[in-house]
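Input: a single structure, listed below in structure tokens.
The values are calculated or read from the model by the stated rules, or taken from the named source; none is laboratory data. Since this is a predicted model, take the numbers as computed values, not measurements. Note that each Cβ is placed from the backbone with ideal geometry, even for glycine, and that neighbours are counted across all protein chains shown. Surface areas here come from the heavy atoms of the whole protein model, side chains and all, with no ligands, DNA or RNA. Shrake-Rupley method; radii C 1.70, N 1.55, O 1.52, S 1.80 Å.
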Amino acid sequence: MIRKLYDFTLSLASTRYALWVLAAVAFMESSFFPIPPHALIIPMVLAAPHNAWRIALVATIASVVGGVLGYWIGAALFDSVALPILEFYHKADLFDQFAASYNEQGAWIVLFAGLTPFPYKIITIASGATGLNFTTFMVASVVARGIIFSVIAALLWKFGPPIRTFIEQRLGLLFTLFMVLLIGSFFIVRYL
């Protein structure tokens, strides 16, 4: 199954609509979609290394704009969806404590989430729900997403063919490693 998805993504990455698909995936992933744009960036740069920087730029812009939607979801839906649940369980005061703590470290949290496999959408929504300063959120998002997508593009541009061979020979192992990093990120954020 992973091999079929990888092959499909690689074939999609070489079409003329690839940048539009990447932009859509990066936008949606930042607020509600489960598939990260990294899954498209890798085969896109491997298929067209001369477009590596354009691919990174499109992913960055679309991801940050999608992050704005996630921020809005957190800000707009908190009072109508989350707050009544917190009040029902008498936990609204705990959320206020969480929000204060979150906002103290907000820039670092957004940077961490933007640079790791931790789902960025959780941080965009939490940032809106806690009222993290929007400028802080935007700067941290641009920096984090710009760095991660540029580093991926640069590595693939520089070492493309050997990395492609490595990925194709060890696809199952890399998927497992990605899942371990993803789950590990959840634990790190939860217990820090």
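Within the stretch 124-146, the set of residues being more than 9 Å from the chain's Cα centre (by Cα), in a helix (DSSP H, G or I) and buried (at least 18 other Cβ atoms within 10 Å of the Cβ) comprises Thr124, Ile125, Ala126, Ser127, Gly128, Ala129, Thr130, Phe137, Ala140, Ser141, Ala144, Gly146. Screening the stretch 45-95 for residues that are of a type in the set (Ser, Thr, Tyr) and surrounded by fewer than 19 Cβ atoms within 10 Å (Cβ to Cβ) and picking the one that is modelled with the lowest pLDDT gives Tyr89. Of everything in the stretch 147-161 that is open to solvent by 10 Å² or more (accessible area, probe 1.4 Å) and among the aromatic types (Phe, Trp, Tyr), the residue that is farthest from Leu22 (Cα to Cα) is Phe159. The C-beta contact set for the stretch 132-143 (first residue under 18 Å from Ala62 (Cβ atoms), second residue assigned to a helix (DSSP H, G or I) and polar (S, T, N, Q), distance under 6 angstrom, 6+ apart or interchain) comprises Phe137/Ser127.
Of a type in the set (Asp, Glu) and buried (at least 16 other Cβ atoms within 10 Å of the Cβ): is that true of Glu104 in this structure? When the stated conditions are applied, Glu104 does not pass them.
Exactly one residue among Ile85, Ile55 is of a type outside the set (Gly, Ala, Ser) and in contact with a Leu (Cβ under 9 Å, 6 or more places away or on another chain), and that residue is Ile55.
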